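Here's the structure we're looking at; comments come further down.
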Amino acid sequence: MNLKYIGVNNRGRAEWAELDLADNLWPEGRIMEEWEVRQYRPIVEKTEKALGRTLERAELSILAWLSGMDNSTVKAVSSLIGAAYENGKKEGST
């Protein structure tokens, strides 16, 4: 995750670029509004902790897409990731 603050867009909302997702479509990085970033950061951090590694580009792209969904959808997926992580810890301790 490599977020860079861009500024305020024409709708009056703060924008950020995910530089790790720069490509032909988004040469400066994938642009997200502040509300998306508030969902993106925690789910990326939680997923990286659960996996024990930094996410790959394709994985970050999926989570960036997910962060544009409604908050209840993001929380549901995040809860699933957390539950899988906790279950994996229990499985590993037996």
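Remarks
- Flag for Ala17 being open to solvent by less than 90 Å² (accessible area, probe 1.4 Å) and farther than 27 Å from Glu86 by Cα: yes
- Residue within segment 4-13 that is closer than 19 Å to Glu56 by Cα, open to solvent by less than 60 Å² (accessible area, probe 1.4 Å) and modelled with pLDDT of 95 or more present: no
- Residue identified as touching a residue at least 12 places away in the same chain (Cβ under 8 Å) and out of contact with any Pro (no Cβ under 9 Å at 6 or more places or on another chain) among Arg13, Arg38, Arg53: Arg13
- Evaluating Thr47 against the criteria (1) surrounded by 15 or more Cβ atoms within 10 Å (Cβ to Cβ); (2) farther than 30 Å from Ala83 by Cβ leaves one unmet condition, (2).
- When Gly52 is tested against the conditions (1) modelled with pLDDT under 95; (2) more than 16 Å from the chain's Cα centre (by Cα), the lone failure is (2).
The values are calculated or read from the model by the stated rules, or taken from the named source; none is laboratory data. For clarity, every value in this text was computed on a predicted model and none was experimentally measured. Reconstructed Cβ throughout: ideal geometry from the backbone, glycine too, with neighbour counts over all protein chains shown. Accessible surface areas use protein heavy atoms only, side chains included; no ligands, DNA or RNA. Shrake-Rupley method; radii C 1.70, N 1.55, O 1.52, S 1.80 Å.
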